[in-house]
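Worksheet for the structure shown next.
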Amino acid sequence: MLGMGESILVAGLTLALLILPVVIVTTREAIRAIPVEIREAAYALGATKWQTVSHHVLPYSAAGILTGIILALSRAIGETAPIVTIGALTFIAFLPPAPFTTQPPYLSFDWLMSPFTVMPIQMFSWVSRPGEDFASNAAAAGLLLVGMTLTMNGLAIYLRYRIRKRVAW
């Protein structure tokens, strides 16, 4: 509809729309979890609404917001169906153009309009081919996806712990 075709940009926008509700809900819940007394205390000391939000509400809710964002990104890693729907290719035999170049302006956005594939489709392509090397590649890709998901979930837990420890009630 927007004339962007089947590109990396469209895939990124699709995944962004997919995880946006999760980020919004976790952000709202993290902000609602802040006791009303903290807001009232800030108002009682003469803080404006913006000062209350920026100095008290957001720092206290940052752990929950960051955790929600990381978990939503972790979920997006495994999402294949929406990306296949918008045109992920089964096999890509080339790399997209590099975002950084040696000629001015040194920054290129041509890669955003390149064709793309997703890891589960690539894994299926490798598994369906004869030869042990392809099966090994598929297994390695599966381990990479699981490792990325576990790493992102672990990062969310660690950051939540560090931020909650830093912000004292």
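Bear in mind these aren't lab numbers, they're just calculated from the coordinates by the rules spelled out. These numbers come from a predicted model, not from an experiment. Here the Cβ positions follow ideal geometry from the backbone for every residue, glycine too, while neighbour counts run over all protein chains shown.
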HN-Hα J in Hz across the range 101-108 - Karplus 6.51, -1.76, 1.60, θ = phi - 60°, x for Gly and Pro: 10, 8, 9, x, x, 6, 10, 10
Phi to ³J(HN,Hα) by Karplus 6.51 cos²θ - 1.76 cosθ + 1.60 over the range 67-73, Hz, x for Gly, Pro: 4, x, 5, 5, 5, 5, 5
Residue of Leu150, Leu112, Leu95 that the Gaussian network model of the chain assigns the largest fluctuation, springs spanning Cα pairs under 10 Å: Leu95
Calculated [θ] (222 nm, deg cm²/dmol) that DSSP helices of n ≥ 4 give over the chain, each run adding -39,500 (n - 2.57): -21000 deg cm²/dmol
Among 118-125, 26-33, the order from most to least packed when residues are scored by Cβ within 10 Å on average: 118-125, 26-33
Rounded tilt (10° steps) of 132-166 against the dominant C-alpha axis of the chain: 10
GNM flexibility winner over the chain from Ala63, Ala135, Ala72 (Cα, springs under 10 Å): Ala135
Most mobile listed residue (Ala138, Ala11, Ala44) in the chain, GNM with C-alpha springs under 10 Å: Ala44
Value in Å of the Kirkwood radius, where the chain supplies the Cα pairs that are averaged: 19.3
